[in-house]
Amino acid sequence: MNFDFSDDQKSLKDQARKFLADKSAIKVVRGVLDDEAKSYDEALWRGVAEMGWLGVAIPEEHGGLGLGRLELCVLAEEIGRAVAPIPFSSTVYFFAEALMLAGSDAQKAAVLPKVASGETIGCFALSEGPGAPTASSISAKFDGSTLTGVKIPVTDGDCATHAVVVAKDGGGVSLVLVDLNQPAVTRTTLKTLDPTRGHAKLEFKGAKAERLGAAGQGWDLAEQVLDRAAVLIAFEQVGGSQVCLEMATEYAKSRYAFSRPIGSFQAIKHKLADMYVSIEVARSNAYYGAWALSTEAAELPFAAAASRAAASDAYYRD
Amino acid sequence: MDFNDAPEEAKFRSEARAFLEANLQPKSNDQERLQRRLKPAEYLKAAKDYQRKKAEAGFAGITWAKEQGGRGLPPIYSVIFNQEEGKFDAPSAPFSIGLGMCVHTVIAFSDEATKDRYVAKALRGEEIWCQLFSEPAAGSDVAAGKTKAVRDGDDWIINGQKVWTTGAQFSDFGILLTRTNPDVEKHKGLTMFIVDMKQKGVEVRPIHQASGGREFNEVYFTDVRVPDSWRLGDPGMGWNVALVTLMNERLAVGGSYGPDYKEIFDFAKGINSPSGDGTLIQDESFRQKLADWIVRAEGYKLAKFRTMTALSKGQTPGPESSIGKVINANQMMDIANTAIEAQDHYGIINDPDLAPLEGAFHQSYMFAPGLRIAGGTDEILKNIIAERVLGLPQDVRVDKGVAFKDLPSGR
């Protein structure tokens, strides 16, 4: 039984925590939060690119570090802990994973090195309106060389250079790779609940695009991308939950009411203990997700769902 | 990251499997039901036979020192054996308290002659032990016990009452927490003894539980004489002795005790949905609950894998193992309640000949609330997590610096 990260992975995590404590300190996060014109922190983005994090799971032949998904998981936990205001999840968990999963050799060779260097910011465009999308509800349309339709909302769609778009393609659905810096693409920034991320409406009016993966396989591929990203986002949530618990615990020790630290009251202790239990459940499920992701196990869809469900409970409900 | 045993662990696991296959039946609902219907005396005999075979094969006291008849292996081996044993119908319940908690305490606080007298017999299943701590007015606050021990020459004379004593009805010996000095602070006036459960003055009254079982007892002591040589630890040091016992408790009280998500999943495939439209398993609100149970049960199972990994690397798991009972007992209640409600009016019937799963959901429904109390209530476990894991300050203590006899006790 070795259900834990290796010492090397743990030291990568420590390194990441130190780096982010400085470069993604709370004033950096607030700097993005409070500035509507700013969708991410560019200095931090350059910093993580220099650290090699953007290419941690990208093979060396494509400019990455060629480590693996477990290394990506430990970074994700730290990024979630720091609420790092950068388009990391969109670029790394969605865009790069979609490229590695479905891209041709030529596409990988063209795109991945620029992801690893930080030059390309990616996003993943699926939603088109209220309600969960399905294979038959997708209306954005790819005709073999151009893309037409509307995607809303697209996380980091305001700052991304490229998108992977889920689009109708003949009788089926395909993934499509689009350069967003062309006149046939219009972006509108959206007001959302989460100011640490930019969100946009993307309108494609005959935008030049190319297929990613086989025609008609897009829905199946999108589900695989979502499974992979679910595990990684679960790690961000575990990191976020953990730091919330630590901050709440520190506060409960130093805040006095009725002449005692409020943390000496059982009403407060039990709330914090409940948070701890939920985080342990979430962390354990996330580790299982990490195992399934890194070994490409058949259990990945289940493990990804359990990771996300448990992490969302820990982060939001408790 | 992998789920594989280290080579020596794998070898041990296959030895354990071979032993279990030779001596037990694989777990099945039918077998469990049969066992529930075994007469207590038959079950006890089967349990003692099994414990003797375990000892002979080297699977009793796996982590105990060799000089105590154990095998001297690290805790991970005990976890591996328990995992394998859990797949079989093992009649091991009568020994879990004695070997899991009491005899550890005897080993830690006795002289060689006492250890020679008791330890090997306990390990071979010849003598069964119980733990006599809780009292009517000392539950979560177990140091508030009032059972009195008064020195008389070379003996002590004991009077008082214990309650919720698991297995007292078939135990040969117990470890007994007594008040020897009411004039000092609560925690400083306690003393621990070994007591012979078969002697004059010890009266065991079974408690008939709401779940139908009779596993617990009240135990009354009337002028019971115990020699001073049976004292465990110095007079007044009983609380320190009890802490050693209780440290082992939450390792002993673990695992799953009743129908889990797998049982209710199968059950839901064969019963109408309350909407009258299809089966319960097709009902969206049921499926959401089922998914939550799976996530929490699997999360706890996976958390134990993390504990095993720590054990396997020679690290000691801390009080974080307290999360198990908080998750399991509450989930057991919820699953049982859902299964019974789904049966509509029929759900009131708990007759094993008529109820689904021979009434296992009903059994669990009535037993789970007790499990939320046994071995540390939900509230106490949450205090432990808050204080020992998160480092929050202790509650204000009103019993510090006050003699036990002057503490308000309600009755």
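The values are calculated or read from the model by the stated rules, or taken from the named source; none is laboratory data. What you see is a predicted model, and the numbers here were worked out from it, not measured in a lab. For neighbour counting, all protein chains shown are included, and Cβ atoms are generated from backbone atoms with ideal geometry for every residue, glycine included.
If only residues of the stretch A:276-297 that are facing chain B (nearest Cβ under 7 Å), in contact (Cβ under 8 Å) with a residue 60 or more places away in the chain and among the small types (Gly, Ala, Ser) are counted, the one that is surrounded by the fewest Cβ atoms within 10 Å (Cβ to Cβ) is A:294.
When you scan the stretch A:123-135, do you find a residue that is in contact with a helix residue (DSSP H, G or I) (Cβ under 9 Å, 6 or more places away or on another chain) and over 17 Å from residue A:168 (Cβ atoms), even just one? So far as the stretch A:123-135 goes, yes, one or more of its residues are in contact with a helix residue (DSSP H, G or I) (Cβ under 9 Å, 6 or more places away or on another chain) and over 17 Å from residue A:168 (Cβ atoms). Of the numbered criteria (1) in contact with a helix residue (DSSP H, G or I) (Cβ under 6 Å, 6 or more places away or on another chain); (2) modelled with pLDDT of 95 or more, the one residue A:247 fails is (1). Taken over the stretch A:144-175, the criterion of being of a type in the set (Gly, Ala, Ser) and either touching a Gly at 6+ places or on another chain (Cβ under 9 Å) or in contact (Cβ under 8 Å) with a residue 60 or more places away in the chain (or both) is satisfied by A:144, A:145, A:157, A:160, A:163, A:167, A:170, A:171, A:172, A:174. When residue A:198 is tested against (1) away from chain B (no Cβ under 14 Å); (2) under 23 Å from residue A:26 (Cβ atoms); (3) surrounded by fewer than 20 Cβ atoms within 10 Å (Cβ to Cβ), just one condition goes unmet, and that condition is (3).
Which count do you get for residues in the stretch A:298-312 that are more than 7 Å from chain B (Cβ to nearest Cβ), in a helix (DSSP H, G or I) and small (Gly, Ala, Ser)?
Quick first cut of the stretch A:298-312, residues more than 7 Å from chain B (Cβ to nearest Cβ) only: A:298-305, A:307-308, A:311-312.
With the extra rule that they be in a helix (DSSP H, G or I), the set shrinks to A:300-305, A:307-308, A:311-312.
When the remaining residues are screened for being small (Gly, Ala, Ser), the result is A:303-305, A:307, A:311-312.
Total satisfying the criteria: 6.
Restricting A:257, A:222, A:252, A:234 to those that are over 30 Å from residue A:95 (Cβ atoms), more than 9 Å from every other protein chain (Cβ to nearest Cβ) and among the aliphatic types (A, V, I, L, M) reduces the list to A:257. Picking from residues in the stretch B:54-98 that are in a helix (DSSP H, G or I), under 18 Å from residue B:115 (Cβ atoms) and over 18 Å from the mean Cα position of the chain (by Cα), the one that is modelled with the highest pLDDT is B:55.
What about residue B:392, is it in a helix (DSSP H, G or I), hydrophobic (A, V, I, L, M, F, W, C) and either within 14 Å of chain A (Cβ to nearest Cβ) or out of contact with any helix residue (DSSP H, G or I) (no Cβ under 6 Å at 6 or more places or on another chain) (or both)? First the steps, then the outcome.
On the way: in a helix (DSSP H, G or I): no; hydrophobic (A, V, I, L, M, F, W, C): yes; either within 14 Å of chain A (Cβ to nearest Cβ) or out of contact with any helix residue (DSSP H, G or I) (no Cβ under 6 Å at 6 or more places or on another chain) (or both): yes.
Answer is no for this residue.
Does the stretch A:183-197 contain any residue that is touching a His at 6+ places or on another chain (Cβ under 7 Å) and among the polar types (S, T, N, Q)? Yes: the stretch A:183-197 contains one or more residues that are touching a His at 6+ places or on another chain (Cβ under 7 Å) and among the polar types (S, T, N, Q). Summed over the stretch A:265-288, the residues that are in contact with a Leu (Cβ under 7 Å, 6 or more places away or on another chain) and under 14 Å from residue B:394 (Cβ atoms) give a count of 1.
List the helices (runs of 4 or more DSSP H) inside the stretch A:29-143, counting only whole elements, that have at least 1 residues being more than 17 Å from residue A:233 (Cβ to Cβ) and either under 18 Å from the mean Cα position of the chain (by Cα) or in contact (Cβ under 8 Å) with a residue 12 or more places away in the chain (or both). Lay out the reasoning, then the answer.
Details: elements: A:42-51, A:69-82, A:97-102, A:105-117.
Per the criteria, A:42-51, A:97-102, A:105-117.
Pairs meeting the criteria (first residue in the stretch B:245-273 and modelled with pLDDT of 60 or more, second residue assigned to a loop (DSSP other than H, G, I, E, B) and charged (D, E, K, R), beta carbons under 6 Å, at least 6 apart or on different chains) are B:273/B:283. In the stretch B:349-361 there is at least one residue matching the filter, namely being under 21 Å from the mean Cα position of the chain (by Cα) and in the same structural domain as residue B:283 (by TED's automatic domain parsing). Only residues that are surrounded by fewer than 20 Cβ atoms within 10 Å (Cβ to Cβ), in a strand (DSSP E or B) and in contact with a strand residue (DSSP E or B) (Cβ under 9 Å, 6 or more places away or on another chain) were counted in the stretch A:169-184, giving 1.
Per the listing B:160, B:125, B:139, B:153, the residue uniquely out of contact with any Cys (no Cβ under 6 Å at 6 or more places or on another chain), surrounded by fewer than 15 Cβ atoms within 10 Å (Cβ to Cβ) and more than 20 Å from residue B:109 (Cβ to Cβ) is B:153.
Quick grid of which residues meet (1) at pLDDT below 95; (2) within 16 Å of the chain's Cα centre (by Cα):
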| site | (1), (2) |
| --- | --- |
| B:115 | yes, no |
| B:122 | no, no |
| B:127 | no, no |
| B:136 | yes, no |
| B:145 | no, no |
| B:150 | no, no |
| B:160 | no, no |
| B:174 | no, yes |
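As for the stretch B:172-184, it holds at least one residue that is under 28 Å from residue B:206 (Cβ atoms) and assigned to a loop (DSSP other than H, G, I, E, B).
Could you check the stretch A:101-136 and list, in sequence order, the residues that are exposed (fewer than 13 other Cβ atoms within 10 Å of the Cβ) and either polar (S, T, N, Q) or touching a strand residue (DSSP E or B) at 6+ places or on another chain (Cβ under 8 Å) (or both)? Can you show your working first?
Filtering the stretch A:101-136 for residues exposed (fewer than 13 other Cβ atoms within 10 Å of the Cβ) gives A:105-106, A:119, A:129-132, A:134, A:136.
The answer is A:129, A:134, A:136.
Return yes when residue A:273 is within 13 Å of residue B:323 (Cβ to Cβ), more than 9 Å from chain B (Cβ to nearest Cβ) and buried (at least 20 other Cβ atoms within 10 Å of the Cβ) and no when it is not. For residue A:273, the condition - within 13 Å of residue B:323 (Cβ to Cβ), more than 9 Å from chain B (Cβ to nearest Cβ) and buried (at least 20 other Cβ atoms within 10 Å of the Cβ) - is not met. Return yes when residue B:174 is closer than 30 Å to residue B:49 by Cβ, in contact with a Lys or Arg (Cβ under 9 Å, 6 or more places away or on another chain) and surrounded by 21 or more Cβ atoms within 10 Å (Cβ to Cβ) and no when it is not. Yes, satisfied. For first residues located in the stretch A:12-27 and modelled with pLDDT under 90, partners that are not basic (Lys, Arg) and lie 6+ apart or on another chain with Cβ distances below 6 Å form the pairs A:24/A:44; A:24/A:82; A:24/A:84. What residue, among those in the stretch B:184-210 that are of a type in the set (A, V, I, L, M) and free of Cβ contacts under 8 Å to residues at least 60 places away in the same chain, is surrounded by the fewest Cβ atoms within 10 Å (Cβ to Cβ)? Applying the filter and picking the extreme gives B:207.
With the stretch B:282-388 as the region, which helices (runs of 4 or more DSSP H) entirely inside it contain at least 2 residues that are more than 14 Å from chain A (Cβ to nearest Cβ) and surrounded by 18 or more Cβ atoms within 10 Å (Cβ to Cβ)?
Details: elements: B:284-312, B:323-342, B:360-371, B:378-384.
The helices (runs of 4 or more DSSP H) meeting that bar are B:323-342, B:360-371.
Scanning the stretch A:181-195 for residues that are free of Cβ contacts under 8 Å to residues at least 24 places away in the same chain, among the hydrophobic types (A, V, I, L, M, F, W, C) and closer than 29 Å to residue A:217 by Cβ yields a total of 1.
When B:195, B:241 are checked against the criterion of being among the aliphatic types (A, V, I, L, M), in a strand (DSSP E or B) and not assigned by TED's automatic domain parsing to the domain that holds residue B:340, a single residue qualifies: B:195.
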